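S.K.: Here it is, the structure in full.
The values are calculated or read from the model by the stated rules, or taken from the named source; none is laboratory data. The structure presented is a predicted model; accordingly, all values stated were derived computationally and were not measured. Note that we place each Cβ from the backbone using ideal geometry, even for glycine, and neighbour counts take in every protein chain shown.
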Amino acid sequence: MFEINPRLKQPNPAPEGDASQFVNLHYNNWKIGLSFDAPLPLARQMPAILAVGGGKGGVGKSIVSANLAATLAQYGYRVLVIDLDLGCSNLHSHFGVAMPKRSLADFLLTKTTAFRDVILPAPIQGVAFVAGGREEAWADYLDQPSDYLLPLWQAMIASRQQYKVDIVLLDLGAGTHRYTMDFFSAANLGLVTVLPEPTSIENAYVFFKMTLWKLIENLGHRMQQPEVAQDIKAALASMAGSTLTSGYASCLKELQLSYPLFIQDLQRTIQARCLGIIVNQTRDQSDIDLGSSMEHICQKYFGLPTKYLGHLNYDEAVLKSLKNRRLLVSDFPHSMIAKRLSVAAAQSLKILGMQRRN
Amino acid sequence: MNEQLGSDFKPSKLPGNARSGPTYYEILDVSTYSTRLQIREAYIRLRSTYSTGSHALYSLVSEEEARDALDKIEEAYRVLDDESQRKEYDIAIGIIKEPAPRPQGAEFFGGSVDPMRSPRRGGGMSSPSVHEAFTGDVGANSEVWPEDSHEGTRSPSRRTVTFGKIKKAASRSSDPEVLAAMQAIISKPESFDGKGLTQLREIVGIPQSEIQERTKISIEYIKGMENNDFQKLPSLVYIRGFLKIYLQYLGLADAVTLIEAYTEKYNHWRETTRPHSY
């Protein structure tokens with residue numbers, strides 16, 4: 001069912017106005033939660049932004065990014081994958097490409113290269129990627145305010161107009177660093193990969209919490225009410241406890257009495273995003289059920305709209321394809337995990353309100 | 001402004017009710033129109049979420065809270081899973097304005113589900129003699145039933161008797177006369193097919209609808225099996241299962257030879273009609 005055909009033509013560029021329904025519908029609410037201050041194109045010229053995060057390292061963020069991009073391209077979309085794991089990048093290895101000569105650092109730091117030139121073709125038709133790398137060059141920048149990332153953001157949102165990119169997929173790094181959360185909170189659909197083990201689940205919840213925090217902070221910045229955002233964050237931190245009834249969702253409802261307008265805006269901008277959960281390396285049914293349990297908890301506790309997108313079974317094919325230095329879904333297109341990935345991709349498209357093009 | 005925002009959703013939802021907190025539907029995360037099956041699925045999902053040893057709560061929700069939530073879920077499910085309790089609850093929280101007239105059938109079956117409570121002829125059933133009353137009933141029936149089959153009519157009262165019992169097999173199957181007649185058919189398994197099935201059923205004296213009612217085999221399949229309409233039937237494994245419970249209900253608990261004979265007929269049909277399918 002999953003054919004990687006090298007003779008397949010490049011997917012047709014999207015006709016004008018055929019953007020994601022989800023992006024279109026929530027455009028105005030979505031943009032008030034952004035961290036980046038840059039003029040935005042019209043709603044129908046925006047690419048759908050997907051970000052893959054997860055807090056803990058080694059949960060399969062890059063694997064999911066690379067292969068999800070390939071699967072989305074199979075469905076007829078042009079996908080641009082950006083390696084935002086600035087400290088430890090290896091997206092290119094998942095694509096089976098050696099460390100490229102040009103990387104994001106050339107575009108952002110030394111500014112010697114145009115964005116067009118750091119976009120590299122992936123071995124799958126319809127997918128292009130921007131490699132990270134040059135970790136030593138980033139060392140001084142990571143602690144700075146994230147202004148140095150603004151050109152990347154501008155290039156990203158202009159990519160639909162310039163290169164007819166339908167979906168921008170961000171491969172975020174581990175941890176909840178400021179720039180990671182900047183990009184995650186900017187995503188229309190934020191994917192969180194989880195392993196069915198307590199450490200990973202704990203980190204995923206931290207990641208959800210930081211997303212909520214980031215949105216409050218961004219909104220405070222946008223509305224020119226940073227002190228209100230500070231108050232709300234302080235109140236949330238003191239109120240929230242280890243019970244469902246004292247979760248962030250119910251705390252926010254109580255805070256609505258004190259800050260009606262701000263919380264209303266916050267709810268709107270939260271609803272303009274969707275979070276997806278992908279459980280990786282499942283071995284039995286209880287691992288698979290974990291996703292729907294987490295979906296329920298996230299909605300109750302954090303009040304974030306969360307969808308369980310699918311699970312990826314534990315598969316030796318992952319390691320084999322990495323050792324073969326080939327992309328998983330093109331090396332083992334008939335493996336169970338490739339099918340699972342296409343299910344997750346189809347679910348993502350459904351949330352974004354995008355039809356399969358072929 | 002503040003007051004409006006704080007209280008804009010509650011009063012409309014709960015008119016004139018002193019209840020606070022989420023409704024049972026909210027606890028189970030289902031809509032008020034959900035079917036029983038959907039409620040059950042939601043319940044199972046939530047139970048696994050909050051059960052001890054669930055990793056989904058790790059670092060977020062304490063164990064006591066999980067236990068509380070689980071108690072609430074159990075309570076909500078207990079009410080919503082019971083149709084009559086659910087209806088009462090719906091009225092109490094104001095989803096349904098007034099009780100709809102209860103369908104006749106529901107009451108009829110509702111009464112008949114519990115054999116301990118259903119009124120019996122000749123009354124005097126006390127709890128220690130349940131078993132006695134049960135077996136005694138079969139005897140009583142075997143006296144009553146021959147009259148009915150002689151008359152050839154089905155009176156409503158007889159239906160009541162039939163449905164008043166919860167048993168695996170039709171009650172008449174233990175009648176020695178019937179057993180002898182059935183034995184005649186069972187002894188010739190090689191010629192057993194749908195016709196034999198019909199004969200067995202007629203000997204016991206029950207309609208197809210009763211088989212359908214008690215075994216939950218669809219009436220189409222019962223007719224198909226009895227008329228040897230193999231193309232209307234599902235695959236063999238289902239047919240064998242249907243035959244087994246069909247015959248069980250007729251009182252033939254281990255009629256392996258009959259099932260094998262029927263399987264042979266089925267295979268013969270298959271080979272003759274679709275020779276190239278294998």
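S.K.: Across the range A:257-281, what is the number of residues that are more than 12 Å from every other protein chain (Cβ to nearest Cβ) and of a type outside the set (D, E, K, R)?
M.R.: Within the range A:257-281, the subset more than 12 Å from every other protein chain (Cβ to nearest Cβ) is A:265-266, A:268-276, A:278, A:280-281.
Filter once more, so that each one left must be of a type outside the set (D, E, K, R): A:266, A:269-272, A:274-276, A:278, A:280-281.
Counting residues in the range A:257-281 that are more than 12 Å from every other protein chain (Cβ to nearest Cβ) and of a type outside the set (D, E, K, R) gives 11.
S.K.: For the range A:214-248, name all the residues that are hydrophobic (A, V, I, L, M, F, W, C), crowded, with 20+ Cβ neighbours inside 10 Å and more than 10 Å from every other protein chain (Cβ to nearest Cβ).
M.R.: We begin by selecting, within the range A:214-248, every residue hydrophobic (A, V, I, L, M, F, W, C); these are A:215-216, A:219, A:223, A:228-229, A:232, A:234-237, A:239-240, A:244.
Keeping just the survivors that are crowded, with 20+ Cβ neighbours inside 10 Å gives A:215-216, A:219, A:229, A:232, A:244.
A:Leu215, A:Ile216, A:Leu219, A:Ala229, A:Ile232, listed by residue number.
S.K.: Do any helices (runs of 4 or more DSSP H) lying entirely in the range A:201-301 carry at least 2 residues that are polar (S, T, N, Q) and out of contact with any Leu (no Cβ under 9 Å at 6 or more places or on another chain), and which ones are they?
M.R.: Values: elements: A:226-239, A:248-255, A:260-271, A:285-297.
Qualifying helices (runs of 4 or more DSSP H): A:226-239, A:285-297.
S.K.: Ok, one more. So which of A:Glu295, A:Glu316 is of a type in the set (Asp, Glu) and within 22 Å of the chain's Cα centre (by Cα)? Break it down stepwise before answering.
M.R.: Numbers: A:Glu316 fails: within 22 Å of the chain's Cα centre (by Cα).
None of the other options fit; the residue is A:Glu295.
S.K.: In this structure, does A:Ala43 turn out to be buried (at least 16 other Cβ atoms within 10 Å of the Cβ) and at pLDDT 90 or above?
M.R.: Values: buried (at least 16 other Cβ atoms within 10 Å of the Cβ): yes; at pLDDT 90 or above: no.
The answer is no for A:Ala43.
S.K.: Just to confirm my filter: which helices (runs of 4 or more DSSP H) fall fully inside the range A:13-122 and include at least 3 residues that are touching a residue at least 24 places away in the same chain (Cβ under 8 Å) and among the polar types (S, T, N, Q)? Break it down into steps so the answer makes sense when it comes.
M.R.: On the way: elements: A:21-25, A:27-31, A:61-74, A:91-94, A:104-108, A:115-118.
Of the helices (runs of 4 or more DSSP H) lying wholly inside the range A:13-122, those with at least 3 residues that are touching a residue at least 24 places away in the same chain (Cβ under 8 Å) and among the polar types (S, T, N, Q) span A:61-74.
S.K.: When the residues of the range A:49-104 are narrowed to those that are hydroxyl-bearing (Ser, Thr, Tyr) and over 24 Å from A:Lys339 (Cβ atoms), which ends up nearest to the chain's Cα centre (by Cα)?
M.R.: Here is the first cut: in the range A:49-104, the ones hydroxyl-bearing (Ser, Thr, Tyr) are A:62, A:65, A:71, A:75, A:77, A:89, A:93, A:103.
After this cut, where a residue has to be over 24 Å from A:Lys339 (Cβ atoms) as well, the list is A:89, A:103.
On the way: A:Ser89: 16, A:Ser103: 20 Å.
Looking at the filtered set, the residue picked out is A:Ser89.
S.K.: Any residue at all in the range A:186-207 that's away from every other protein chain (no Cβ under 14 Å), over 19 Å from A:Leu68 (Cβ atoms) and surrounded by 23 or more Cβ atoms within 10 Å (Cβ to Cβ)?
M.R.: Start the filter on the range A:186-207 by keeping residues that are away from every other protein chain (no Cβ under 14 Å), which leaves A:186-191, A:193.
Those left that are additionally over 19 Å from A:Leu68 (Cβ atoms): none.
No, the range A:186-207 has no match at all.
S.K.: If you don't mind, there's one more thing I want to ask. Quick check on the range B:3-19. Is at least one of its residues more than 8 Å from chain A (Cβ to nearest Cβ) and either at pLDDT 85 or above or in contact with a Cys (Cβ under 8 Å, 6 or more places away or on another chain) (or both)?
M.R.: In the first step, residues of the range B:3-19 are kept if they are more than 8 Å from chain A (Cβ to nearest Cβ); the result is B:3-4, B:7-19.
Among the residues that remain, those that are also either at pLDDT 85 or above or in contact with a Cys (Cβ under 8 Å, 6 or more places away or on another chain) (or both) are: none.
No.
S.K.: Select from the range B:63-82 the residues that are loosely packed, with under 14 Cβ neighbours inside 10 Å and at the interface with chain A (Cβ under 10 Å from one of its Cβ atoms) and write down the one among them that is farthest from A:Asp289 (Cα to Cα).
M.R.: The extreme case among them is B:Glu64.
S.K.: Let me ask something else about it. Checking B:Val237 against (1) over 13 Å from B:Tyr266 (Cβ atoms); (2) without any contact (Cβ under 8 Å) to a residue 12 or more places away in the chain, which single condition isn't satisfied?
M.R.: (1)
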